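To keep things clear, I will list the structure first and then write my remarks on it.
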């Protein structure tokens, strides 16, 4: 069936964009460029557009595939293996935390839920005080956020929240917990609710439909199915980037290689993958910072059953939030948490719900009447929250070792209490804190008693993450950071890092807009340095 | 029996660890073996069928057709994983299907084709809250692969009140 939706990717390909699918290579390939960018997510996409507009010859390297709206059929069985790292089942080393990260052109921006927050002032203040990032104030960042909000159409979402979001609002307000509306980067959104499987209508202003088409239209080259293996670093400079071609499934190397020779190299593979590439490349790390302090916003989950349909699969997935439990305590005190809701679809719902057999089947039958709240814990501020460490396996593939500290588990327990109380206030019949030793509770006092008594341990408490940050911290002090505040890697002349791995702590909010604003600033500085001219200002088409 | 079982378990696990360490040393001198896609042998198929029935409970009709569907969807879910993770799932099935490790680690006395539902349920529940994180993560892998595979299939959607995506664009 032909789609009523116009597809900018197919149109661009027809117009002659330079796109190389490495899976199809029949011989090794060498490409020359002014700048090569590893990764096409938030950091890589923003950087590519600004550098291409500045007239530089840009090459983008992407491990995933080039998909477009014609491929986005809103089916989990197709979306997860093709659009996510490790089929949306990437795990921490102990397998106790499931991590959602994109692996496709557009990176996580192609599959995120469109929530757009500027970096919270308290987070910037913490970086200024503890990481010497004096130029990173609310005021100095504001123009960069404004620029990217205009570029990506970050707007107030005027449509009424779906029931899943509204129940968070109703319950919180009954308890005098303030909530607010989430801004979204969408244009002409159909309010379908399938942002996590690739936007079928091109309404989401992800990198896939904005900055990357813009860069390709300016002559940039995109290489897909290419895994960046190693930066060849000699004499304090990168000499080449070496990549492996993957087959169409993305699972196997074809044996063909790609070498990119560039004046400048930008690493934008996202947290976990960027530090791993730098580790494989033996990039200088005199203070043993590489891959350390990797943060997750560890997220815990509370499900609840209502008399009325919730239909959590339908409508914009995240439109209401509360920062009450972050704003009411010191940023480095008891671990704070942000409240949001997730979209609900059968596969992710079935795997997230605890238990098995008849009891699980009964919960599944109530799928349409189930409401879910998430609490995202703000890690990296409390002294007992140092994040995880990226390691390389024998085959060079990264794995994140993240151990929840006592301070984090304390936050988990408080968050489960908060969510259950809100759900009962909103009229829940039964609340299910997601923990292997919990069951369904019919009233707040039973839930409170049970949550107080649960053992908080890995694999028993359901913990998930969709926000991986840190591992290549930014600071002008080489004892605290690997990357200077202008994005330049300390000790390697022509190497920069532009992605969420730069964050010295977690953000305390969905990170996409933080990455857009930060990398727009870094890329503009880099464009000016490489061309000697003022950086161009990207504008929406 | 619990003492015998526990000491064997310990020896077995330490044996596994020693083998893994030896493998690590070996691999540092030799380039790693190429990884293969997950494959199910006859006993593995019987194990997955029995475990699927217990995992899915009343969601899965007890018919050969439904059992095959559950197995097929689990295999589809496994096929999307990186080969290194497929290897881990293969190792899990090796533990489940070798008679001695099946009896000691799962407590299921019979071959999988004859396994009683109650024994399989008891095994899943014991791994779910086991003090060995290796077995806990084995439970979670089975949980996610079987349940995820099953409910990803649109034939299950009417039963849970999910209408599916809008027809015009899917």
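Descriptive notes on the structure:
- When the alpha-carbon atoms of region A:84-154 are used, the pair Rg, Dmax equals 16.2, 41 angstrom.
- Normalised Debye scattering of region A:147-216 at q = 0.13, 0.28 Å⁻¹ gives log10 I(q)/I(0) of -0.48, -1.28, counting only Cα atoms as equal scatterers and leaving out solvent.
- DSSP beta bridges fully contained in the protein assembly as shown are about 65 percent antiparallel.
- Base-10 log of normalised Debye intensity for region A:206-262 (one unit scatterer per alpha-carbon) at q = 0.21, 0.25, 0.27, 0.31 Å⁻¹: -0.91, -0.97, -0.99, -1.06
- Reciprocal mean inverse distance between Cα atoms of region A:117-239 - Kirkwood radius, Å: 18.7
- Rg of the Cα atoms in region A:21-171, relative to 2.2 N^0.38 Å, amounts to 1.30.
- Peptide packing: for A:104-110, A:22-28, A:477-483, the average count of neighbouring Cβ atoms within 10 Å per residue gives the ranking A:104-110, A:477-483, A:22-28, highest mean first.
- In terms of its C-alpha gyration tensor, region A:352-437 comes out oblate, because a/c is 1.5 or above while a/b does not outweigh b/c.
- Among the residues of A:65-75, the average count of other protein chain beta-carbon atoms within 10 Å of the residue beta-carbon is 2.
- Stokes-Einstein D for region B:29-164, Kirkwood Rh over Cα pairs, 4 °C, 1.567 mPa s (µm²/s): 83
- Cα pair distances of chain A binned at 10 Å [whole percent]: 4, 20, 31, 27, 14, 4, 0
- The helix-based estimate of mean residue ellipticity at 222 nm for the protein assembly as shown, built from -39,500 (n - 2.57) per DSSP H run of four or more residues and divided by its residue count, is -11500 deg cm²/dmol to the nearest 500.
- Each part gets one Cα centre, and for region A:395-472 versus region A:474-535 those centres are 33 Å apart.
- Once the Cα gyration tensor of region A:492-540 is diagonalised, semi-axes √(5λ) in Å: 23, 15, 6
- Ordered from longest to shortest, the equivalent ellipsoid semi-axes for region A:291-413 are 30, 21, 13 Å, each the square root of 5 times a Cα gyration tensor eigenvalue.
- Across region B:31-71 the C-alpha pair distances fall into 5 Å bins from zero in the proportions 5, 22, 26, 16, 10, 8, 6, 4, 2, 1 percent.
- Reference-scaled alpha-carbon Rg (2.2 N^0.38 Å with N residues) for region A:408-495: 1.73
- Applying D = kT/(6 pi eta Rh) to region A:28-87, where Rh is the Kirkwood radius over alpha-carbon pairs, T corresponds to 10 °C and eta to 1.306 mPa s, the Stokes-Einstein value obtained is 118 µm²/s.
- Shielding score for A:77-85, defined as the mean number of other chain Cβ atoms within 10 Å: 3
- Between region A:40-102 and region B:126-170, the alpha-carbon center distance in angstrom: 23
- Between residue A:307 and residue A:155, the C-beta separation translates, for a Förster distance of 41 Å, into a calculated FRET efficiency of about 0.75.
- Hypothetical label at residue B:75: residues of region B:36-65 whose amide nitrogen lies under 13 Å (7 Å Cα-Cβ projection): B:38-49
- Ratio Rg/Rh, restricted to region A:214-364 and using Cα atoms, in which Rh is the Kirkwood radius: 1.09
- A quarter of the convex hull surface defined by the alpha-carbon atoms of region A:334-389 gives 5.7 nm² as the mean projection.
- Rg/Rh for region A:265-342 (Cα atoms only, Rh after Kirkwood) is 1.14.
- Computed with the Debye formula from one identical point scatterer per Cα of region A:154-303, without solvent, the log10 of I(q)/I(0) at q = 0.12, 0.21 Å⁻¹ comes to -0.83, -1.37.
- Among A:195, A:472, a tally of other beta-carbon atoms within 10 Å of each Cβ gives an order, fewest to most, of A:195, A:472.
Every number in this text was worked out from the coordinates using simple rules, so none of it is lab data. As the structure is a prediction and not an experimental result, all values here were calculated from the model. All Cβ positions, glycine included, derive from the backbone under ideal geometry; neighbour counts span all protein chains shown.
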